[in-house]
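First up is the structure itself, then whatever we jot down about it.
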Amino acid sequence: MNRAGILGAAFGATALLGLGWALRRPKEDDLFQRIEGSTVIPIITPVIEISTAEYVLSRMEHMPLGDVTVVLHTEGGCVTSCVMIADALRKFTRSTAVVPYMALSGGTLIALNAKKLLMGRNAALSAVDPLIFGQRARHIPEEHEDGIFPLAQEYDSAVSGFLRETLLARLRTTDRTALARAMEVFMGMKAPHAWPIKIPELQQLGLPAQAAAPEWARFVDMYRHRLTPR
């Protein structure tokens, strides 16, 4: 079977439209222009900002609510932006999140809201609990000098609630113990915020994750190269 056949079997024709062209002639083809006409949406950025959400939501708004593939490579970012993208992703019938290397913090929240998750062999997710000024929201004391304790409580409660909805949909179980265990991991109750969560741990939690083909890592590599000034 040739490369197109292998990719078609692995991801389906829709994702192949977004990936196959990117690997054939990377020097001649206009990568960004061709992405716009596909069902693949790259979220390949160190920080997910409002401008990132604007781009992703505008792409999703003009797509049928069928197939969509988000390719994630990020450390996370603005909570509002990540929640808006994750919520929009929920509406698609067939959604895939591909994480060749890492989708941390808010990137994890987005990835968990796809119906299918593909990860590279060394890829990682992380906890999603919110940070305020670099501090975990739940660690901010009530007597904080900037008076941000109420805000921290609001963010922690909101993210926790959104995560619970996400996990209930992904786990598809009424087992309270399974839900509590997953909430503990993804709220980072026993590990640092960015501590890596790999495929075996996801599977132990009951969250199915499959291996991503190496072509997705090449896609991210090429996309990042195009973004890097020469």
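Every number here is computed from the coordinates shown, using simple stated rules; none is lab data. Everything numeric in this text was worked out from a predicted model, so none of it was measured. Positions of Cβ are backbone-derived with ideal geometry, glycine not excepted, and every protein chain shown enters the neighbour counts.
Assorted remarks:
- Volume per residue of the C-alpha convex hull in region 189-230, rounded to whole Å³: 107
- In this structure, the amide hydrogen of residue 119, modeled 1.01 Å from its nitrogen in the peptide plane, lies closer than 5 angstrom to those of 99, 210, 211, 212, counting only residues at least 5 positions away or on a different chain.
- By the count of other C-beta atoms within 10 Å, a proxy for reagent exposure, 225, 73, 62 are ordered fewest to most as 62, 225, 73.
- Amide H contacts of residue 144 (H built 1.01 Å from N, in plane; Pro and chain starts excluded): 149 sit under 5 Å, all sequence-distant by 5 or more or on other chains.
- J(HN,Hα) series, region 200-217, from Karplus relation 6.51 cos²θ - 1.76 cosθ + 1.60, nearest Hz, glycine and proline x: x, 5, 4, 5, 5, 7, x, 9, x, 9, 10, 6, 8, 5, x, 4, 5, 5
- Using R0 = 45 Å, the C-beta based FRET efficiency linking residue 180 and residue 33 works out to 0.45.
- Gyration tensor (alpha-carbon) shape descriptor, region 60-135, a/c threshold 1.5: oblate
- In order through region 85-94: 3J(HN,Hα) via Karplus (6.51 cos²θ - 1.76 cosθ + 1.60), integer Hz, x for Gly, Pro: 5, 4, 5, 5, 5, 4, 7, 7, 5, 10
- Rounded, prolate or oblate (a/c below 1.5 giving rounded, otherwise prolate when a/b exceeds b/c) for region 134-230 by Cα gyration tensor: oblate
- Normalised contact order of region 55-157, rounded percent, pairs of Cα under 8 Å and 6 or more residues apart: 22
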